[in-house]
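Comments concern the structure below.
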Amino acid sequence: MRATEPRRRLVLLSPLAGWSTPLDEIPDPVFAGRMLGDGLAVDPTGATLHAPCDGQIIALPESRHAVTLRSDFGAEILMHVGIDTVGLAGEGFEAHVSLGRRVAAGDPLVTFDLDLIARRAKSLLTPVLVMEGCGLTVLRSSVGREVAAGEFLMEVAPLERAGVPEGPGEEGSGATVEVRRVRVALEHGIHARPAAQIVSALRSLAGQVELAVEGRTANARSTVALMKLGARKGDDIRVRAAGRDAGRAIDAVAAVLTGAHENAVSSARAVPRPPGAGLAATSQLLTAVTSTAVEVRAGAALPGVIASRGLAVGQAVRLRAREIEVTEAGAGVSHESLQLERARAQVRSRLESALSSASGTAREIVEAHLQLLEDPELTEKSLTLISDGASAAYAWRRTIRGSIEALRALGDPRMAERADDLLDLEGQMLLAMSGHPGAAIQLPADAILLAEELLPSQLVGLDAARLAGICLAAGGATSHVSILAAAMGIPALVAVGPGLRQILDGTALLLDADAGLRHVDPGAERLAATRRQLELRAARRAAEREAAQRDCCTADGTRIEVFANVGSLADAHAAVRNGAEGCGLLRTEFLFLERETPPSEAEQHAEYQRLAETLAGKPLTIRTLDVGGDKPIPYLPMPAEENPSLGLRGVRTSLWRPDLLRQQLRAILRVRPRGQCRILLPMITDVAEIRSVRSMAQEACAGIGRQEPIALGVMIETPASALMADALAAEADFFSIGTNDLTQYTLAMDRGHPELAARLDALHPAVLRLIARTAEAAHARGRGVAVCGGLASDPAAAPILIGLGVHELSAVPAVIPRLKALIRRLSLADCAGLARQALEQSSAEAVRALALPLAPRESEPDSVG
Ligand code: PEP
Ligand code: MG
């Protein structure tokens, strides 16, 4: 057991097994009123109190019913076994430590007689508090669930007191206060994106930061509060920060306000919502409705704003949004707070799991929702309403709607995007609280969806295979749902106005989202021509799908294996359907996220076995757990990290928790037939990591009586591993290049950074040079080299990767047929020539231009033959 104390945050492990409960439930006003400090209580099922972190015992009364420990960074933690237990005068308590003693997290401190205390004390509830006065606050906690001793209980961080004097200087307890005036240089003031940038820039810095303008103030850690500040270009903002990081915090805020991160998206593309498209028109549950609308003139071609290009022919399906009903009155403060926290945990874990497989736009949207979910202003306001007697659902809705109204009142169309996110989050939370996620909508084939508005989570919930197009009365081209539609390849028009309501359900529609027109009942001839065009494209895709089942060679006979990336059983089925020759990357995170305890060895084994069977004997490459500080899981408390992607990630996490790794290795090694699985290690940087895992795998083999060796490969996804590929090739059985991380670490650009997304191109020559070096080192040792990062799913990259010596591509299942068709038309000599030239280019754009003749875009008629 290990607790960690980073410089500014402290993770406390549960000192007891039991049920963690809000302090409000304690039948004692001193604890419930937080007069002694903040924290939570554990309703114990275990009878030994353990140290929640490393530290020194600074108080242990003779009655031994309470222990206070001072952590190494000064936090004082009080654990008080039961309520009114001082009166027991030590009866039933046995201390294992003495005053002044140093203890490590997990050390037993006091054992007590649970039955005796249950009978004689007022309550068994055991407060675990960070003492008032040490300037700490609880950042997050595991309140409302069962905890084992040693599991994550809460994380605390410095809280700066309100009312500190203005101007630079030191406060009594050593907290620095700084105030600076900064002029907003951002063209559009503090809108959604800069607000989000400020919040994320401050995430790793401690202390209270506040922005003030014209008498209005905002907590700089709340996106919502910052947006509501309504600060415009030229405004003089007073930025005030208190705490050890005050100076850095002000620098970070100033960098955003002065335009260092100026949003590149032009506001000209934002489409103001039509009058009347307010809250009443939007809501949470979508239902298909039978239209009572009046038919519009046949043949009418009505304009709209292009949100996602493309062509679609289909029938109109009207969807209407229905409000989720909530009752205003709550059933008690603790019940409703718990409801809110549970719903939040559920939505958070759903979003986090979506994040693990999302990329690009979808990822940005999920990240925005996650950020809003943790927004302190939303939480505080909801809790205030709950403490005034409201239900959790009512409190959440009222808080969200208040914020939306405030944003819309600013009259800035750019705020509408964040308002939509808020509305989306309202729906997700209310659905979580309602306990039923809402019935899925059955769409007919070739549905062209007509709606007033649509939220991203609603679009994601629809059957994309049946959705031919989208037409919205409101919305903007830059709204998240528009961007998402484009990412999903669904043609979409938005802001088409109230005329949309007049289209009858089932009417034939031609959605020309290239010209920005929707043709209502367009006439037989036009429909037929468009259908022919679409059919040709579909036929080409069908032919590709059929041919996909065959193995794949270049035109001059070089065998290239096309595998699939898999993150669930459904993906494995899709992989087989699309002609994958195996799984080149099983992201096992899906088994570990969204739960309170790690999956057992038996559970993991059953899942891996099922996947192996689904692949019907084809190779299954199982990557060991790749989580870290950016994807926290409750049963794996990690130190807070300033740079999570440079922290405990991938194999580092596994070696930090070898118990979990051993379990996972055994589960993989037990899969039959024995030769089907390979093991892949994420985030390798040196040979020692491979050696450690190999020896653990060997021990595991011996433990389960397995004789057959298993291939152990490494992901090349750090510049270190690419540069050390020759040394790694001596230890590893194969390489798989993770271009997503390799690109982020090579270009020093966060892979989730919205502003950098356009420049984060894995075809950058720097990345290609590392791939070339890796392939060379692999070949010199006779090792296989695959690419399993996103670049393998990009047809434009296939000729270059093959030319660089990559002979296995592991791609998303849907792209496999197209990839195989493309590869069959390539010659190795052409690919090698192209790769040589690509390495000499000076930018990713230049590489892409070079690749075009060998890998034309799909929209070009003869792109895939
Ligand atoms: C990669 O980094 O390219 C990769 C495949 O791993 P992940 O995307 O899961 O980090
Ligand atoms: Mg990776």
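The values are calculated or read from the model by the stated rules, or taken from the named source; none is laboratory data. This structure is a prediction, so every number in the text was calculated from the model and none was measured. When we count neighbours, we look across all protein chains shown, and the Cβ atoms used for this are built from the backbone with ideal geometry, even at glycine. For the accessible areas, the whole protein counts, side chains as well, though only heavy atoms, and no ligand, DNA or RNA atoms are used. Shrake-Rupley method; radii C 1.70, N 1.55, O 1.52, S 1.80 Å.
This table checks each residue for (1) open to solvent by less than 40 Å² (accessible area, probe 1.4 Å); (2) modelled with pLDDT under 90; (3) over 24 Å from MET227 (Cα atoms); (4) not acidic (Asp, Glu).
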position: VAL333; (1), (2), (3), (4): no, yes, yes, yes
position: GLU352; (1), (2), (3), (4): no, yes, yes, no
position: LEU355; (1), (2), (3), (4): yes, yes, yes, yes
position: HIS369; (1), (2), (3), (4): yes, yes, no, yes
position: GLU380; (1), (2), (3), (4): no, yes, no, no
position: LEU383; (1), (2), (3), (4): no, no, no, yes
position: ALA395; (1), (2), (3), (4): yes, no, no, yes
position: ALA409; (1), (2), (3), (4): no, yes, no, yes
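Quick check, is VAL714 β-branched (Val, Ile, Thr), within 16 Å of ligand 1 (Cβ to nearest atom) and without any contact (Cβ under 8 Å) to a residue 40 or more places away in the chain? Let's see the steps before the verdict.
On the way: β-branched (Val, Ile, Thr): yes; within 16 Å of ligand 1 (Cβ to nearest atom): yes; without any contact (Cβ under 8 Å) to a residue 40 or more places away in the chain: yes.
Against the criterion (β-branched (Val, Ile, Thr), within 16 Å of ligand 1 (Cβ to nearest atom) and without any contact (Cβ under 8 Å) to a residue 40 or more places away in the chain), VAL714 qualifies.
Here is a list: ALA543, ALA539, ALA515. Which entry is at pLDDT below 75 and either open to solvent by 30 Å² or more (accessible area, probe 1.4 Å) or under 36 Å from the mean Cα position of the chain (by Cα) (or both)?
On the way: ALA543 fails: at pLDDT below 75; ALA539 fails: at pLDDT below 75.
That would be ALA515, the only listed residue that is at pLDDT below 75 and either open to solvent by 30 Å² or more (accessible area, probe 1.4 Å) or under 36 Å from the mean Cα position of the chain (by Cα) (or both).
In region 212-223, how many residues are without any contact (Cβ under 8 Å) to a residue 24 or more places away in the chain and either crowded, with 22+ Cβ neighbours inside 10 Å or in a strand (DSSP E or B) (or both)? Show your work before the answer.
Going residue by residue through region 212-223, those that are without any contact (Cβ under 8 Å) to a residue 24 or more places away in the chain are 214-218.
Right, trim to either crowded, with 22+ Cβ neighbours inside 10 Å or in a strand (DSSP E or B) (or both) and you get 216-218.
Qualifying residue count, region 212-223: 3.
Only one of these conditions is not met by VAL687: (1) more than 14 Å from ligand 1 (Cβ to nearest atom); (2) under 20 Å from PHE590 (Cβ atoms). Which number is it?
(2)
How many residues, within region 475-502, are farther than 22 Å from ASP463 by Cα, at pLDDT 75 or above and in a loop (DSSP other than H, G, I, E, B)?
3
May I ask you to say which residue of ALA796, ALA762, ALA780 is within 16 Å of ligand 2 (Cβ to nearest atom) and open to solvent by 10 Å² or more (accessible area, probe 1.4 Å)? Spell out the reasoning first.
Numbers: ALA796 fails: within 16 Å of ligand 2 (Cβ to nearest atom); ALA780 fails: within 16 Å of ligand 2 (Cβ to nearest atom).
Checking each option against the conditions leaves just ALA762.
Please go through region 702-731 and give me each residue that is within 16 Å of ligand 2 (Cβ to nearest atom), small (Gly, Ala, Ser) and within 19 Å of ALA792 (Cβ to Cβ), ordered by number.
Within region 702-731, GLY713, SER721, ALA722 qualify.
For (1) within 22 Å of LEU756 (Cα to Cα); (2) of a type in the set (Val, Ile, Thr); (3) open to solvent by 40 Å² or more (accessible area, probe 1.4 Å); (4) in contact with a Lys or Arg (Cβ under 7 Å, 6 or more places away or on another chain), each residue gets a yes or a no:
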| site | (1), (2), (3), (4) |
| --- | --- |
| GLY189 | yes, no, no, yes |
| PRO194 | yes, no, no, no |
| ILE198 | yes, yes, no, no |
| LEU205 | no, no, no, yes |
| ALA225 | no, no, no, no |
| LEU229 | no, no, no, yes |
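Would you tally the residues in region 649-679 being open to solvent by 40 Å² or more (accessible area, probe 1.4 Å) and within 16 Å of ligand 2 (Cβ to nearest atom)?
Count: 1.
Name the residues in region 378-413 that are within 21 Å of the chain's Cα centre (by Cα) and not hydrophobic (A, V, I, L, M, F, W, C), would you? Explain how you work it out, then say what you get.
Residues of region 378-413 that are within 21 Å of the chain's Cα centre (by Cα), as a first pass: 378-379.
Within region 378-413, THR379 is the sole residue that qualifies.
All but one of (1) touching a helix residue (DSSP H, G or I) at 6+ places or on another chain (Cβ under 7 Å); (2) outside any helix (DSSP H, G or I); (3) crowded, with 18+ Cβ neighbours inside 10 Å hold for MET749; which doesn't?
Status for MET749: all satisfied but (3).
For GLN197, only one of the following conditions fails: (1) in contact with a His (Cβ under 6 Å, 6 or more places away or on another chain); (2) at positive phi. What is its number?
(2)
Output the number of the condition that GLY629 fails; it satisfies all remaining conditions of (1) surrounded by fewer than 22 Cβ atoms within 10 Å (Cβ to Cβ); (2) modelled with pLDDT of 95 or more; (3) not aliphatic (A, V, I, L, M).
Checking GLY629 against (1) surrounded by fewer than 22 Cβ atoms within 10 Å (Cβ to Cβ); (2) modelled with pLDDT of 95 or more; (3) not aliphatic (A, V, I, L, M), the one that fails is (2).
Taking the stated definitions as given, is LEU768 within 16 Å of ligand 1 (Cβ to nearest atom) and either exposed (fewer than 15 other Cβ atoms within 10 Å of the Cβ) or among the aliphatic types (A, V, I, L, M) (or both)? Give the steps one after another, and end with the answer.
Details: within 16 Å of ligand 1 (Cβ to nearest atom): yes; either exposed (fewer than 15 other Cβ atoms within 10 Å of the Cβ) or among the aliphatic types (A, V, I, L, M) (or both): yes.
Judged against the criteria, LEU768 is a match.
I'm trying to understand the selection: among the residues of region 55-82, which are part of a strand (DSSP E or B) and either within 35 Å of the chain's Cα centre (by Cα) or not aliphatic (A, V, I, L, M) (or both)? Spell out how you get there, then give the answer.
Filtering region 55-82 down to residues part of a strand (DSSP E or B) leaves 55-59, 66-71, 76-80.
Selection gives GLY55, GLN56, THR68, ARG70, SER71, GLU76, ILE77, LEU78, MET79, HIS80.
From PRO813, PRO795, PRO754, which residue is in contact with a helix residue (DSSP H, G or I) (Cβ under 6 Å, 6 or more places away or on another chain), modelled with pLDDT under 95 and more than 21 Å from LEU585 (Cα to Cα)?
Values: PRO813 fails: more than 21 Å from LEU585 (Cα to Cα); PRO795 fails: more than 21 Å from LEU585 (Cα to Cα).
Being in contact with a helix residue (DSSP H, G or I) (Cβ under 6 Å, 6 or more places away or on another chain), modelled with pLDDT under 95 and more than 21 Å from LEU585 (Cα to Cα) holds for just one of PRO813, PRO795, PRO754, which is PRO754.
Are any of the residues in region 455-466 in contact with a strand residue (DSSP E or B) (Cβ under 8 Å, 6 or more places away or on another chain), open to solvent by 10 Å² or more (accessible area, probe 1.4 Å) and at pLDDT 85 or above?
Taking every residue of region 455-466 in turn, at least one turns out to be in contact with a strand residue (DSSP E or B) (Cβ under 8 Å, 6 or more places away or on another chain), open to solvent by 10 Å² or more (accessible area, probe 1.4 Å) and at pLDDT 85 or above.
I'm checking my understanding of the structure. Among residues of region 579-606 that are over 19 Å from ALA354 (Cα atoms) and touching a strand residue (DSSP E or B) at 6+ places or on another chain (Cβ under 7 Å), which one is nearest to ligand 2 (Cβ to nearest atom)?
Across region 579-606, the extreme among qualifying residues is GLY584.
Can you pull out every residue in region 816-831 that is open to solvent by 30 Å² or more (accessible area, probe 1.4 Å) and either in a helix (DSSP H, G or I) or farther than 28 Å from ARG540 by Cα (or both)?
Taking region 816-831 first, the residues open to solvent by 30 Å² or more (accessible area, probe 1.4 Å) are 818, 824-825, 828-830.
Scanning region 816-831 gives ARG818, ARG824, LEU828, ALA829, ASP830.
Find all pairs meeting these conditions: Cβ atoms under 6 angstrom apart; at least six residues apart or on different chains; first residue within region 324-336 and hydroxyl-bearing (Ser, Thr, Tyr); second residue modelled with pLDDT of 90 or more.
Every condition considered, the pairs that remain are THR327/SER391.
Which pairs turn up if I take residues in region 769-790 that are modelled with pLDDT under 95 and look for partners that are hydroxyl-bearing (Ser, Thr, Tyr) with beta carbon separation below 8 Å, at least 6 apart in sequence or on another chain?
If the second residue must be hydroxyl-bearing (Ser, Thr, Tyr), the pairs left are GLY789/THR739; GLY789/THR743; GLY790/SER359; GLY790/THR739.
PRO52 passes all but one of (1) under 39 Å from the mean Cα position of the chain (by Cα); (2) under 18 Å from ILE117 (Cα atoms); (3) assigned to a loop (DSSP other than H, G, I, E, B); which number fails?
All conditions pass for PRO52, except number (2).
Looking only at residues that are aliphatic (A, V, I, L, M) and surrounded by fewer than 17 Cβ atoms within 10 Å (Cβ to Cβ) in region 688-715, which one is nearest to VAL627 (Cα to Cα)?
Ranking the qualifying residues of region 688-715, first place goes to ALA688.
Yes/no matrix, rows are residues, columns are (1) touching a residue at least 60 places away in the same chain (Cβ under 8 Å); (2) farther than 25 Å from PRO29 by Cβ; (3) open to solvent by 10 Å² or more (accessible area, probe 1.4 Å):
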residue	(1), (2), (3)
LEU49	yes, no, no
ARG102	no, yes, yes
LEU109	yes, yes, no
ALA121	no, no, yes
THR137	yes, no, yes
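With the requirement that a residue be surrounded by fewer than 24 Cβ atoms within 10 Å (Cβ to Cβ) and either over 21 Å from ASP571 (Cβ atoms) or among the charged types (D, E, K, R) (or both), what does region 799-813 give you?
Across region 799-813, the qualifying residues are GLY805, HIS807.
Looking at region 90-97, can you tell me whether even one residue there is surrounded by fewer than 16 Cβ atoms within 10 Å (Cβ to Cβ) and within 32 Å of the chain's Cα centre (by Cα)?
No; the residues of region 90-97 include none that is surrounded by fewer than 16 Cβ atoms within 10 Å (Cβ to Cβ) and within 32 Å of the chain's Cα centre (by Cα).
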